[in-house]
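Structure record follows, encoded as structure tokens.
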Amino acid sequence: MRPQAVELVYGERGKPALAPRLAASGLRFNVSHCEDVAVYAFSSAGDVGVDVEAVRTMPDADDVATRVFSGRENAAYRALDPRDRPLGFFQCWTRKEAFIKALGHGMYYPLDRFDVSLAPGEPARLLRVEQPPEDRRRWRMRGFFPLPGFVAAVVTEQVDNHCTGDPR
């Protein structure tokens, strides 16, 4: 298909999707960018969200963590060695943003209603999601480093009910 033939529509909270005439393909997508780095995520299995950030020291990171991280995440963040906090902060942030983008709620979804892992070296995981609206077992989360100095996360919906094993 020629690029100019691709039609997009936008959800209630602004998430782009393929127009109804193309929706039968089942293709879902999401994009994020930071500085000159862009990441794209595509899925034919369900909704998807992605986020990327440059890892950097922020003077107000502790205050932001107190305001927007859940209690569990804030405790895990504050337990990190101070030199690990910038990476821990942005791992938490990208994982949370990828999840709410997958949901299609954007920043309207309360960030304290779910917990993600954040410690450097710890696998990206969705630890808790308050019910409703979403069951954490429906979602798969992965963290990655697209380039040195950047951290990213992707969250995909698992709609295949025939999966077995640990859904993380």
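Annotations for the structure displayed:
- Taking the conditions (1) closer than 23 Å to Pro110 by Cβ; (2) at pLDDT 95 or above in turn, Leu80 satisfies each one other than (1).
- Residues satisfying the stated conditions in region 8-26, i.e. out of contact with any strand residue (DSSP E or B) (no Cβ under 6 Å at 6 or more places or on another chain) and either in a loop (DSSP other than H, G, I, E, B) or basic (Lys, Arg) (or both): Gly11, Glu12, Arg13, Gly14, Lys15, Arg21, Ala24, Ser25, Gly26
- For region 37-72, a residue qualifies if it is acidic (Asp, Glu), in contact with a strand residue (DSSP E or B) (Cβ under 8 Å, 6 or more places away or on another chain) and not in a strand (DSSP E or B), and exactly one does: Asp47.
- Residue match in region 3-10 (condition: of a type in the set (Val, Ile, Thr), closer than 22 Å to Trp139 by Cβ and surrounded by 11 or more Cβ atoms within 10 Å (Cβ to Cβ)): no
- Filter result (under 21 Å from Trp139 (Cα atoms) and crowded, with 16+ Cβ neighbours inside 10 Å) within region 30-48: Asn30, Ser32, Val39, Ala41, Ser43, Gly46, Asp47, Val48
- Scanning region 11-21 for residues being without any contact (Cβ under 8 Å) to a residue 24 or more places away in the chain and surrounded by 10 or more Cβ atoms within 10 Å (Cβ to Cβ) gives a total of 4.
The values are calculated or read from the model by the stated rules, or taken from the named source; none is laboratory data. Remember, predicted model here, so these are calculated numbers, not experimental data. Positions of Cβ are backbone-derived with ideal geometry, glycine not excepted, and every protein chain shown enters the neighbour counts.
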